[in-house]
1. Looking at the stretch 1-19, I want the residues that are at pLDDT below 85 and have a partner that is surrounded by 10 or more Cβ atoms within 10 Å (Cβ to Cβ) and of a type outside the set (A, V, I, L, M, F, W, C) with Cβ atoms under 9 Å, at least 6 apart or on another chain. Which pairs are those?
2. So, of the residues in the stretch 89-146 that are in contact (Cβ under 8 Å) with a residue 12 or more places away in the chain and among the polar types (S, T, N, Q), which turns out to be surrounded by the most Cβ atoms within 10 Å (Cβ to Cβ)?
3. Please go through the stretch 89-124 and pick out each residue that is outside any strand (DSSP E or B), more than 16 Å from F71 (Cβ to Cβ) and either hydrophobic (A, V, I, L, M, F, W, C) or in contact with a Gly (Cβ under 7 Å, 6 or more places away or on another chain) (or both).
4. Could you run through the stretch 46-58 and say how many residues are surrounded by 15 or more Cβ atoms within 10 Å (Cβ to Cβ) and touching a residue at least 40 places away in the same chain (Cβ under 8 Å)?
5. Of all residues in the stretch 59-88, which are part of a loop (DSSP other than H, G, I, E, B), in contact (Cβ under 8 Å) with a residue 24 or more places away in the chain and over 15 Å from D143 (Cβ atoms)?
Amino acid sequence: MLGRNGFLFVEIIMGLFLIGIIAVTCLPLISTSIDNMRLARIKAEMIFLAESAMERILNYDPKHENNDYIFDISLCELIRVLATNENTVVDLPLNDESCDYRLRICKCSLNDKLWEIHLELSSVKEGGKIEDIILRSIIPSKDYEE
């Protein structure tokens, strides 16, 4: 009987076939995991943008120079729009450019000292894959300087 060195060609083909089957069954899992990580990153970015917008509105002080913007509107202009009307809805961005997100700011005056602010941030590109971010807060009314 001859000495046997190495693997037969058929054994190598069978090994590659099994590795191929394992890889094919794992690809959808890997693809789904990568997509879920991307959606989680977008969701975290949306939460950051909504909280940042709410904090800017909450911390607005007309006595200090303020160059902050929320999307394409200056914070001073936004506060002016919110302060001049009792119940207001502002959709951002104002000029409908290709933006990843849309922000709707609703303000309802509870009395002359309190506003109820409702922020709703939605993703334009992802559509129904990501739920909208909704923040509500009752804040002291803001004054603006003309």
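1. From residues that are at pLDDT below 85, the pairs are F7/G15.
2. So, considering only residues that are in contact (Cβ under 8 Å) with a residue 12 or more places away in the chain and among the polar types (S, T, N, Q), the one surrounded by the most Cβ atoms within 10 Å (Cβ to Cβ) is S123.
3. L110, the sole residue that qualifies.
4. Qualifying residue count, the stretch 46-58: 6.
5. Once the filter is applied, which keeps residues that are part of a loop (DSSP other than H, G, I, E, B), in contact (Cβ under 8 Å) with a residue 24 or more places away in the chain and over 15 Å from D143 (Cβ atoms), the stretch 59-88 yields F71, D72.
The values are calculated or read from the model by the stated rules, or taken from the named source; none is laboratory data. Not measured: the values here are computed from a predicted model. Neighbour counts are summed over all protein chains in view; Cβ atoms, including those assigned to glycine, are modelled from backbone coordinates with ideal geometry.
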